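The values are calculated or read from the model by the stated rules, or taken from the named source; none is laboratory data. Bear in mind that the values here come from a model prediction, so they are computed numbers and not experimental data. Here Cβ is always computed from backbone atoms with ideal geometry, including for glycine, and neighbour counts include all displayed protein chains. Heavy atoms of the whole protein, side chains included, go into the accessibility calculation; ligands, DNA and RNA do not. Shrake-Rupley method; radii C 1.70, N 1.55, O 1.52, S 1.80 Å.
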Amino acid sequence: MSLCEPNLRPYESLTCFYTSQPVEQLLSSTNVLAVISSGEPNSQVQDPRHFHCGLGALDRAQEQLQEVFYSDVPVATGIEHGVRWSRNKDMLIAALWMDACDSRDLRQAGRDAYQRLLRFVIAEGYPQIIRMWNYLPDINRGEGDDEGYRQFCQGRQEAFYETRYPREAFPAACALGHHGDGSVIYLLAGKSAPLHIENPRQESAYNYPRQYGPASPSFARAGLVHWPVGSQLYLSGTASIVGHQSRHINNLAGQLQTTFDNIDSLLAQAKQQASLAASPVPDLLKVYVRHAADYQQVADSVNSRFPGVSTLYLQADICRRELLVEIDGMCNQLPRTRA
Ligand code: 3EB
């Protein structure tokens, strides 16, 4: 099968792109590691490499847009103890789905899911986690330390420490909410450690003070991975937080500007830490918008800041109630390193 995507450079170890090609067609390629749907549930196909993230689209034209992870070599795939996996010799994608019942207690669900996923990647020999995606129900439900997201952070942290992952090994991540049933957590892992990158404008999430919950969130701001061919940069969900404080409450334009400034600073930090010749430019963005009514303003603003970048817009709850927008993304090919 040929995949004629504008951003696809098939000679790389791993390429990520968005496409509205049908799921069945994508999965017919043995090089496809994963196809993640959003928007309208669109396919009944049973394949461990395919799952839905649980979030809705904001633009009708994006209802059928799939996120694809495409390997330069054929992959192996299967399901083991509920973990859906696919891998080639360098990388592994694993996904775990939890039903509505299991997802009710997000501390327990998070702890259980992370224990299973971490044990799985360790057992398979891909213990270095590059990126994790968390899509969970009702993350803003509950008050104070009982809030779903804070409970989830507690369970996730317990699992990381129980499986002996120090905070230096926490991967880039995002955590978003919806009001449907069940949770999905998926990850990309490899055999050697990515370069973890923090944002000079932001407190490291694992050092957030107690006021944000009983356990600080276990993630890095970005992860840079060197594959045998080519390098990629994965940006964590980035929002209007400076230091550890949310900025521009009830001000969408202000939150967007601060989010862009944070992304700029993260990209500049990646350039410096990896000695790149230039700041990387994202190839893909995922923009999470809390209120559907804000979509047009967000899209206009993202398009003018990142012209021509493939962008998927999804409706989602963001982990702090006052945050209206969050953006993550990745770079398929990094600028070369300085001589
Ligand atoms: C923040 O910067 C916003 O809990 O995995 C961003 C990325 C956020 C990842 C996570 C949360 C997570 O704190 C929220």
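Return the carbon/sulfur percentage of the accessible area of segment 111-233, one whole number, probe 1.4 Å, all protein chains in place. About 46 percent, which is the carbon plus sulfur part of the accessible surface. Rg/Rh for segment 49-163 stands at 1.00; both radii use Cα atoms, and Rh follows the Kirkwood definition. In the context of the full protein assembly, THR77 retains an accessible surface of approximately 60 Å², using a probe radius of 1.4 Å and ignoring ligands and nucleic acids. Helix-only arithmetic for the chain: the sum of -39500 (n - 2.57) across DSSP H runs with n ≥ 4, divided by the residue total, places the mean residue ellipticity at 222 nm at -7000 deg cm²/dmol.
The accessible area of ASP146, taken with all protein chains in place and a 1.4 Å probe, comes to roughly 110 Å². Here, segment 208-305 is characterised by an Rg to Rh ratio of 1.00, where Rg is the alpha-carbon radius of gyration and Rh the Kirkwood radius.
Sort LYS191, LYS89 by accessible area with a 1.4 Å probe, largest first.
Largest accessible area first, the list is LYS89, LYS191.
Which values, in whole Å and largest first, are the semi-axes of the equivalent ellipsoid of segment 103-142 obtained as the square root of 5 times each eigenvalue of the Cα gyration tensor?
Calculated on Cα positions only, the semi-axes equal 24, 11, 6 Å.
Over all projection directions, the Cα-based convex hull of the chain averages an area of 15.4 nm².
Residue ranges 59-72, 39-52, 231-244 sort as 231-244, 59-72, 39-52 when ordered by packing (mean number of other C-beta atoms within 10 Å per residue, highest first).
Bridging of LYS286 to lysines at a Cα separation below 24 Å is possible for LYS271, once same-chain residues fewer than 8 apart are set aside. log₁₀ I(q)/I(0) of segment 80-226 at q = 0.14 Å⁻¹, via Debye over equal Cα point scatterers, no solvent, to two decimals? So the normalised log intensities work out to -0.63. Computed over neighbours whose Cβ is under 15 Å from that of GLY125, the net charge equals +1, Lys and Arg +1, Asp and Glu -1. The residues of the chain present an accessible area of 40 Å² per residue when probed at 1.4 Å with all protein chains retained. Segment 199-261 has equivalent-ellipsoid semi-axes of 25, 17, 8 Å, by the square roots of 5 times the alpha carbon gyration tensor eigenvalues, sorted largest first.
DSSP beta bridges confined to segment 194-339 are antiparallel in about 75 percent of cases. For the chain, the antiparallel share of DSSP beta bridges with both residues in that region comes to about 75%.
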